[in-house]
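S.K.: Dropping the structure in here first, questions after.
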Protein chains: 2
Amino acid sequence: MLEEFAEEHIEPLAIGAWILGTGGGGDPYISTLNLRRLYAEGARVDLMDPMALDDDDMVAVVSKMGAPLVGQERLGDPVHLARAVEVMEDYIGKRFRAIMSVEIGGSNALSSFLAAAVLDRPVVNADAMGRAYPEAQMTSFAIGNLPMFPLSLVDVRDNEVIVTRAASWKWMERISRKVCTEVGSTAATCKAPRTGREVKEWGIHDTVTKAVELGKAVLDARRRHADPVDAILDHEGGKQLFRGKVIDVARETTGGFLRGRTIIEGIDGDRGSRLELAFQNEWAVAFRDGEPVAMTPDLLCLLDTISGSAIGTESVRYGQRVTVVALPAPALLTTPAGIAAVGPRAFGYDIDFRSVFP
Amino acid sequence: MLEEFAEEHIEPLAIGAWILGTGGGGDPYISTLNLRRLYAEGARVDLMDPMALDDDDMVAVVSKMGAPLVGQERLGDPVHLARAVEVMEDYIGKRFRAIMSVEIGGSNALSSFLAAAVLDRPVVNADAMGRAYPEAQMTSFAIGNLPMFPLSLVDVRDNEVIVTRAASWKWMERISRKVCTEVGSTAATCKAPRTGREVKEWGIHDTVTKAVELGKAVLDARRRHADPVDAILDHEGGKQLFRGKVIDVARETTGGFLRGRTIIEGIDGDRGSRLELAFQNEWAVAFRDGEPVAMTPDLLCLLDTISGSAIGTESVRYGQRVTVVALPAPALLTTPAGIAAVGPRAFGYDIDFRSVFP
């Protein structure tokens, strides 16, 4: 039920998580340095099968929060993530059996490991998104209508806040987002504690392993001088949407989010067309020549055409040669409740969800 | 050590507190309706001498927070103030012996009574300002360098937040202000719990009685058809600064505060001059023909010339006949530490404090 998370899994986890981040959640690079440092100091983290949790175990759900452009990872992250967990333990008066990340996409995939390495707990092989999303209510736990409070939030300056009750998921998001913005748009949070039963029922399972395997597929393709983009598509059952060159990027950090759009001019089979990717932290909707062709909850990924590395909404820039792919979403997200929580309308687009995976 | 706070003290408390509010803190009128209703339902509140507290008693410090223009009192206030106290008791795991208001100025003078009536506790005859001030760090407890956390904040929608740690009083103010603004610029808060020893050492004592006596002096003058403004000056040892007519008001609600200025054109002995009153929730500095003539921490009060009623920064309007008076500040506020915390520079005016009471 516990297996050691070997040091050689850190790199593939980061590569896979960054692809599953769909442009958001931040590049996990600094987090890998942090985790390697903790491993060098002797820390080891065990990975725990969610189905091995007892019903009344308590699980901490951790997350760094903030706009990707601002919320660049810091070397002090492990301590603050661990502190957010400790603040929550003090508040609820119970010890967490294990720690999980709220999202497997982007650097938060490693947040659970950083907190776990400091606190010597296992990481649950699960998350609550199966990818990355910008808002608190965009989780499997919210879709399952589980309580959204309490939430602890810790910043780098020694400020600590607990939202002990919220009128709704949206209010939890509004309040915690405002605190996060005020303390500099980056904070470590411990979300509403979950029971083992809740994680078993509503968690998105085995996503740590999924990210590691995806990362391994990319590394393996590079080693074999094969096409990493093809390897990603094969491994995930994805579809290539567009290939071209980035010709325009517009973005602004507003209300604690990074919002904007990227325009790609087609090459090869896509010559003569343009793809626009609209984003709020993550890529949300792809418009081909003005028509929506792919959208959340399908995973839209912007990949470097040569290396297959993910490109983030905060780092995409003019001139990059890119391939846009769609990967299938976790099944829960494509249910009616899932689409209501994370479909295009949740991002302000008046479009009916249509999957590219019929 | 306990004496019942009689129902006939409610009106003079409101009148006195509104004068001591120096334009801010909100008109206590709705709070008096709330307290009368609770009394009609059988509640009675006892007033407790702060010196009767045991050193290790715990005292809740309550406050409604918000911009006066928005934070109009609501009929539901007692429940939310009591809830803020209960959230804090749950968090610290201790029962409060008594409740006090953070500020005796404006409607918060009654906040302690509203919470106390719901929770059946005594009110401490003390506050932490001896008047009203807009920011969390502008208290005698901050001047005494006491811890500023935890703080609980409750809104009308069922959101509850605890700031469990803050890097400084300013950070506590910034974070709690942002949450307050997000939930609609009005919230009930329970500030950092104080021990009996801290209240005895750093509270501003007997200010409930002071406000009641001031209100009684005004009511008595009105009954005798004497001049209520003179009665206020006599009772408090105050000075008349200016008499005239309001000719201009500029205000905006920004960052959770009401800021602006009022211009008064002189009559009688002040004919030919103008007085400008600058405010941030409360009147901060008076400029006579451009020269600063009175300033915080001296209490600047704008009074209706006929009735002696206080006029608030949120309700002052063109054409009112007004008298501006200064009342002496609590001694602690005119010490160097007091002036640093609440003097003109704390409000952004590059002026050395000069009292009108040499």
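The values are calculated or read from the model by the stated rules, or taken from the named source; none is laboratory data. Not measured: the values here are computed from a predicted model. Quick reminder, even Gly has a Cβ in these numbers, built from the backbone with ideal geometry, and neighbours come from all protein chains shown.
S.K.: Taking the range B:169-182 as the search range and keeping residues that are facing another protein chain (nearest Cβ under 7 Å) and more than 20 Å from B:Tyr91 (Cα to Cα), which one is modelled with the lowest pLDDT? Break it down stepwise before answering.
M.R.: At the first step, the residues of the range B:169-182 found to be facing another protein chain (nearest Cβ under 7 Å) are B:171, B:174-175, B:178-179, B:182.
Add one more test, that the residue is more than 20 Å from B:Tyr91 (Cα to Cα), and what stays is B:171, B:174, B:178, B:182.
Values: B:Trp171: 92, B:Arg174: 91, B:Lys178: 90, B:Glu182: 86.
So the residue we want is B:Glu182.
S.K.: Turning to a different aspect of this structure: Determine which member of the set B:Glu135, B:Glu213 is within 17 Å of the chain's Cα centre (by Cα) and in a loop (DSSP other than H, G, I, E, B). Break it down stepwise before answering.
M.R.: Details: B:Glu213 fails: in a loop (DSSP other than H, G, I, E, B).
Every option except B:Glu135 fails the conditions.
S.K.: Now for a different question. So which residues in the range B:320-350 are under 15 Å from B:Leu277 (Cα atoms) and in a loop (DSSP other than H, G, I, E, B), if there are any at all?
M.R.: Answer for the range B:320-350, where residues must be under 15 Å from B:Leu277 (Cα atoms) and in a loop (DSSP other than H, G, I, E, B): B:Gln320, B:Gly348, B:Tyr349.
S.K.: Kindly indicate which of B:Ser107, B:Ser140, B:Ser111 is within 25 Å of B:Asp90 (Cβ to Cβ) and crowded, with 24+ Cβ neighbours inside 10 Å.
M.R.: Details: B:Ser107 fails: within 25 Å of B:Asp90 (Cβ to Cβ); B:Ser140 fails: within 25 Å of B:Asp90 (Cβ to Cβ).
That would be B:Ser111, the only listed residue that is within 25 Å of B:Asp90 (Cβ to Cβ) and crowded, with 24+ Cβ neighbours inside 10 Å.
S.K.: Another one. Scan the range A:158-176 for residues that are surrounded by fewer than 24 Cβ atoms within 10 Å (Cβ to Cβ) and either closer than 23 Å to A:Ala17 by Cβ or not assigned by TED's automatic domain parsing to the domain that holds A:Val123 (or both) and jot them down.
M.R.: A:Glu173
S.K.: Need at least 1 residues that are among the acidic types (Asp, Glu) and free of Cβ contacts under 8 Å to residues at least 40 places away in the same chain per element, so show me which strands (runs of 3 or more DSSP E) inside the range B:239-305 make the cut, counting only ones lying wholly within it. First the steps, then the outcome.
M.R.: Details: elements: B:239-254, B:257-266, B:274-280, B:282-288, B:291-295, B:299-304.
Passing ranges, in order: B:239-254, B:257-266, B:274-280, B:291-295, B:299-304.
S.K.: Quick one: B:Met295 ticks every box in (1) hydrophobic (A, V, I, L, M, F, W, C); (2) surrounded by fewer than 24 Cβ atoms within 10 Å (Cβ to Cβ); (3) more than 22 Å from B:Ala221 (Cβ to Cβ) except a single one, so which number is it?
M.R.: So the condition that B:Met295 fails would be (2).
S.K.: Could you tell me how many of the residues in the range B:179-200 are within 16 Å of the chain's Cα centre (by Cα) and over 25 Å from A:Ile162 (Cα atoms)?
M.R.: Of all residues in the range B:179-200, those within 16 Å of the chain's Cα centre (by Cα) come to B:186-191.
Filter once more, so that each one left must be over 25 Å from A:Ile162 (Cα atoms): none.
Matching residues across the range B:179-200 total 0.
S.K.: Now a separate question. Take A:Gly203 and tell me if it is more than 21 Å from the chain's Cα centre (by Cα), in the same structural domain as A:Glu89 (by TED's automatic domain parsing) and either surrounded by fewer than 19 Cβ atoms within 10 Å (Cβ to Cβ) or more than 30 Å from B:Met172 (Cβ to Cβ) (or both).
M.R.: The answer is no for A:Gly203.
S.K.: In the range B:242-257, what residues are buried (at least 21 other Cβ atoms within 10 Å of the Cβ) and either closer than 20 Å to B:Val293 by Cα or among the hydroxyl-bearing types (Ser, Thr, Tyr) (or both)?
M.R.: The initial filter retains those residues of the range B:242-257 that are buried (at least 21 other Cβ atoms within 10 Å of the Cβ), namely B:242-244, B:256-257.
Scanning the range B:242-257 gives B:Phe242, B:Arg243, B:Gly244.
S.K.: May I ask you to list pairs of residues, at least six apart or on different chains, whose Cβ atoms are under 8 Å apart, with the first in the range A:152-168 being more than 7 Å from chain B (Cβ to nearest Cβ) and the second being of a type in the set (D, E, K, R) and part of a loop (DSSP other than H, G, I, E, B)?
M.R.: A:Val156/A:Arg74
S.K.: Answer yes if at least one residue in the range A:84-92 is touching a residue at least 40 places away in the same chain (Cβ under 8 Å) and charged (D, E, K, R), and no otherwise.
M.R.: Here is the first cut: in the range A:84-92, the residues touching a residue at least 40 places away in the same chain (Cβ under 8 Å) are A:84-85, A:87-88, A:91-92.
Okay, now just the ones that are also charged (D, E, K, R), so none.
Within the range A:84-92 (the criterion being touching a residue at least 40 places away in the same chain (Cβ under 8 Å) and charged (D, E, K, R)), the answer is no, since none of the residues qualifies.
S.K.: Could you check the range B:25-121 for strands (runs of 3 or more DSSP E) lying wholly inside it with 3 or more residues that are modelled with pLDDT under 95? First the steps, then the outcome.
M.R.: Working: elements: B:46-48, B:58-66, B:98-101.
Hits in the range B:25-121: B:58-66.
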